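Q: Would you mind keeping the following structure in view while I ask a few things?
The values are calculated or read from the model by the stated rules, or taken from the named source; none is laboratory data. Everything quoted here is computed from the prediction, not taken from an experiment. Note: areas computed on protein heavy atoms with side chains; ligands, DNA, RNA excluded. Shrake-Rupley method; radii C 1.70, N 1.55, O 1.52, S 1.80 Å.
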Amino acid sequence: MIAAAGIAALLVVGTLVVTAIVGNRGSGSSSPEGVVEQLADALRHSDPLAAARVLAPEEIRSLQGTVESAAKKAAELRLVETASAPLAGIDFGVDGLKLSTENLGAGYAKVTVDSGEFSASTRKAQFSPLMQKVLRQTDDTNSAHADLAKLAARDLPTFVITVKRDGRWYVSAAYTVLEYVREVNKLPAADFGSGARAIASLGAVSPDAAVQESVRALAQRDWSKLLTMAAPNEIPVYDYRAALTTLAARNVKAAGRSKPLFTIASMKTTDAVSGDTAKVTLHASGTTSGGKWSLDGGCYTYSATDSNPGDVGVSFPCGSGPVGLELLTLPVGGVSGASTVTATKQGDRWFVSPVGTVLDLVDRTIHQLDPRTAYSLLNIPNQIPPDGVLTLGTVVGLPGRPIENLRVLTFAGHGGQSLLGMPGPTSFSSADVQTGGGSVVVRVFAPDGSELPTAAGMLYGTPVVLPSDGTYTFVVVGPTSTTERAGVTVTIWNAADAPAAAREHNRSATCTYGVLSTSCESSGTSGMSGTSSSSSSGGESSVSVSVTTSVPGSG
């Protein structure tokens with residue numbers, strides 16, 4: 001519940017963060033321990049403005065435009081009631097905090113939490129009405145407690161890395177994350193501040209050169225070279241070059257992959273420079289061990305070839321497939337942005353800007369995020385404006401879009417009415433129907449907004465019985481995998497009018513609805529079993545909401 005509430009909170013907290021940094025450039029503290037104490041106090045008072053003042057200014061200064069867009073989108077999508085109170089409904093506590101400090105070098109210190117307790121509690125009634133619907137299956141109040149000294153994995157102590165800027169100390173999220181990576185994997189120590197000291201010999205002579213050299217280094221797994229291309233003041237990977245190159249070599253050896261990650265057949269770039277910032281558009285193509293890839297300046301595409309004789313390769317649509325370059329064209333709702341990389345100038349050298357590039361992707365995502373996509377991801381598809389009205393006996397086709405491949409239909413139902421569905425023959429064979437209904441499911445929401453768990457059996461030979469008169473919302477959910485997405489159909493009838501194929505097998509069904517996938521399993525009374533699943537190519541999301549039902553078979 002706390003995590004879900006954070007979805008709304010984090011979208012608008014950034015606005016206050018930017019206000020703090022832009023308004024007074026942060027305040028920091030006179031000591032490493034003092035700045036961690038300030039951060040703890042900001043948590044106690046749920047004060048994001050105070051928290052912003054202790055974060056390293058260079059790590060969050062570029063967030064202004066992104067968080068302003070996020071705040072507007074959060075209000076538009078009704079995720080928060082007011083931007084001035086983004087943490088309404090969430091209370092944090094930090095008690096018994098004891099700290100110790102280790103000097104890491106001039107201007108760098110590790111502050112370790114020796115003891116302390118962190119607590120968090122929620123009051124669902126104070127969340128926005130929409131977020132209350134997202135959290136419909138949780139209690140009205142919830143709480144959690146944790147030992148602050150034992151938050152880290154593998155028995156590591158809890159710590160943060162602090163940095164000194166203009167005589168004041170700040171918490172650095174970037175250094176903290178990289179130090180945890182180093183310690184968890186038992187890697188060589190960092191050379192703190194070396195990136196800033198060596199900046200004149202790092203980077204490239206132009207924004208185009210910085211991007212092209214980065215792509216070549218990535219292709220050849222030349223991690224040492226790649227680390228010299230990242231802006232040192234944004235993400236201090238150069239300081240951790242010994243650790244990161246050791247980790248990369250270790251992983252390559254474990255996987256037995258020493259060959260290039262991919263080849264480059266052609267590559268060209270165009271840039272648009274504005275002061276010390278440039279937007280570089282990348283056009284490139286090449287091959288991997290399994291197929292061909294290309295970036296055309298607006299879309300990443302991939303065509304996989306199959307090594308088995310007679311098999312047909314798979315073509316992935318815009319923005320999907322392996323390699324990693326697809327991140328430059330992150331798709332949202334099937335729409336992809338231009339494949340651009342942000343470069344920044346420091347002194348006389350140009351660097352790839354990881355923060356700027358990621359924020360460009362986030363900006364495009366925010367811009368393209370509409371209620372249909374957002375409410376699908378939040379698992380409240382019944383809040384999506386309806387696509388039309390469900391007519392019994394009429395085929396319902398799905399749009400074939402990634403992420404939210406679904407149709408939302410209203411239906412004027414009557415108490416006691418019994419409905420049964422079946423996938424269409426254009427997408428599924430008779431065996432699919434008999435063993436679980438292929439990869440399409442139907443979710444039914446009652447007039448009061450509650451979900452009918454028994455609807456999981458609709459495509460499994462077990463009718464759903466409507467509990468009352470009123471307008472129901474039927475959500476027909478199709479697969480998100482690229483190979484199954486097209487041509488999905490389903491038909492729903494009054495149970496008495498359904499064809500024999502839909503009524504023939506009476507089975508139990510269990511469905512799990514995830515953020516990016518849906519899966520159903522069934523078991524038949526005659527020993528038959530089947531699985532219906534819909535998942536993204538990247539796998540099941542770690543955040544999911546489950547609705548499970550077991551409908552006894554007639555046997």
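Q: Over region 170-230, give the accessible area per residue in Å² for a 1.4 Å probe, as an integer.
A: Counting only protein heavy atoms, the per-residue value for region 170-230 is 41 Å².
Q: What pairs from 73/164; 186/292; 133/279; 225/253 go past 29 Å between their alpha carbons? The partial results should precede the final answer.
A: Details: 73/164 35 Å; 186/292 37 Å; 133/279 40 Å; 225/253 19 Å.
From 73/164; 186/292; 133/279; 225/253, over 29 Å: 73/164; 186/292; 133/279.
Q: Something else: Please list 369, 282 in order of solvent-accessible area, largest first, computed with a 1.4 Å probe with all protein chains present.
A: Numbers: 369 35, 282 0 Å².
Sorted by accessible area, descending: 369, 282.
Q: Work out the P(r) tail for region 217-297: percent of alpha carbon pairs separated by more than 21 Å, whole number.
A: Details: 1502 of 3240 pairs.
Tail fraction, whole percent: 46.
Q: I'd like the accessible area for residue 44, computed on protein heavy atoms only with a 1.4 Å probe and all protein chains in place. Round to 10 Å², please.
A: Accessible area of residue 44: about 80 Å².
Q: A further question on this structure: Let me cross-check residue 366: its accessible surface, 1.4 Å probe, with only protein heavy atoms counted, in Å² to the nearest 10?
A: Roll a 1.4 Å probe over it and residue 366 shows about 20 Å².
Q: Any idea of residue 133's accessible area? Nearest 10 Å², probe 1.4 Å.
A: Answer for residue 133: close to 90 Å² accessible.
Q: Bins of 10 Å, beginning at zero and ending with the bin holding the largest distance: percent of Cα pairs per bin for region 187-239, please.
A: 26, 53, 20, 1
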